[in-house]
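Below is one structure; the comments refer to it alone.
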Amino acid sequence: MVKAQTSLTGRMFQDRRDAGRQLAAALRGYSKDNPVILALPRGGVPVAFEVAKALDAELDLLFVRKIGAPGHDELGIGAVVDGLHPQLVLNEDLARRTGASKDYVEARMARELDEIERRRDAYKKGNPPADLGGRVVIVVDDGIATGSTVKAALLGISRNGPARLVLAVPVAPTEAIEEMNVLADEVICLATPEPFQAVGLHYVDFSQTADDEVVALLEMAKTWRQ
């Protein structure tokens, strides 16, 4: 794991593209492995774009959709993780305690898969997800706060049989990185500031990533894979 400490007020990254270029430097060793770079949309896409460009690698999206408890949708009991073989990551104990039946979970999973398909079509014009089996997979986001989405992503991807699973983020709290270390073969994080507070505090420009920027970057990423 690559780590660098910073102060609370230090803004290490000009924007997401700058963070991606810095992260790419720590990942150059994977360029020979033909990795697939999975970006968590939308904020992770500009970061992952720079990583994929530097590694001459395939860039794809990874959607994670929460499944809420019956009558309490804000309480996540699991998540659906996108992919050629989508995965359900479920907290079975919490599902049981909140009364989430098998039929309820299956119905919610189907609904979230439909939403994932809709979003994938909007961003990638119906192109199917990459096959992750036997490949080096690098999951990229613009940072980690609570880590719940990234945790579900790693659990889901691991069930698709990657040769190696790597998580790469510019910034995250130390405790989140410690949790991720048991879910990935390698975790690369450029900075673990204390106290952490929020991802955006460590960027000069942390403005929202627009849908059209995501589409444009994905189209640009095709040029080095032709």
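Values quoted throughout were computed directly from the atomic coordinates according to the rules given, and no laboratory measurement underlies them. On a predicted model such as this, the values are computed, not experimentally measured, just so you know. Counting neighbours? That spans all protein chains shown, and the Cβs are built from the backbone with ideal geometry, glycine included.
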Practice item. Could you work out how far helix 102-124 tilts from the main Cα principal axis of the chain, as a 0 to 90 degree angle to the nearest 10? Key: 30 degrees
Exercise for review: Please find, in a Gaussian network model of the chain (springs between Cα atoms separated by less than 10 Å), the residue of GLY20, GLY99, GLY156 whose mean-square fluctuation is greatest.
Suggested key: GLY99
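Quote to one decimal, in nm, the extra length available between ASP212 and LYS125 on full extension: 0.36 nm per residue of separation minus the C-alpha distance between them.
On the way: separation 87, 0.36 × 87 = 31.32 nm, distance 1.28 nm.
Taking ASP212 through LYS125 to full extension adds about 30.0 nm, to one decimal.
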Revision key, fill the gap. Taking a crude spin-label model, label points 7 Å out from Cα along the C-beta direction, the LEU84 to VAL182 distance in nm is 3.0 nm
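Assuming 0.36 nm per residue, please report the length gained on full extension of the stretch HIS72 to ASP114 beyond their Cα-Cα distance. Let's see the in-between values first.
Numbers: separation 42, 0.36 × 42 = 15.12 nm, distance 2.09 nm.
Using 0.36 nm per residue and subtracting the Cα-Cα distance, I get 13.0 nm.
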Review point. Going by alpha carbons, how many degrees (0 to 90, nearest 10) lie between the helix axis of 148-158 and the longest principal axis of the chain?
Key: 90 degrees
Practice item. For helix 16-27, report the angle its Cα long axis makes with the longest principal axis of the Cα atoms of the chain; keep it between 0 and 90° and round to the nearest 10°. Key: 80 degrees
Practice item. Could I have the simple spin-label model distance between SER101 and ARG164, label points 7 Å from Cα toward Cβ, reported in nm to one decimal? Key: 4.7 nm
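If you take every residue apart from ILE67 with its C-beta less than 15 Å away from the C-beta of ILE67, what net charge results, scoring Lys and Arg +1 and Asp and Glu -1? Can you show the working numbers first?
Working: positive: ARG65, LYS66, ARG96, ARG97, LYS102, ARG108, ARG111, LYS151; negative: ASP73, GLU74, ASP82, GLU92, ASP93, ASP103, GLU106, GLU112, ASP114, GLU115.
That sum, taken over residues with Cβ under 15 Å, equals -2.
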Point to revise | Electrostatic dipole magnitude of the chain [Cβ: Lys, Arg +1; Asp, Glu -1; Cα centre; debye, to 20] | key: 320 debye
Check your understanding: Which value results for Rg/Rh of segment 3-132 when Rg is the Cα radius of gyration and Rh the Kirkwood radius based on the inverse mean 1/r?
Key -> 1.07
Practice item. Beyond 23 Å between alpha-carbons counts as too far, so tell me which of LYS53/LYS124; LYS32/LYS124; LYS53/LYS125; LYS32/LYS151 fall in that bin. Key: LYS32/LYS124; LYS32/LYS151
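From the mean inverse distance of alpha carbon pairs (Kirkwood) and the Cα radius of gyration, derive Rg over Rh for segment 81-206. Don't jump to the answer; show the numbers that get you there.
On the way: Rg = 16.3 Å, Rh = 16.3 Å.
Computed over Cα atoms, the ratio is 1.00.
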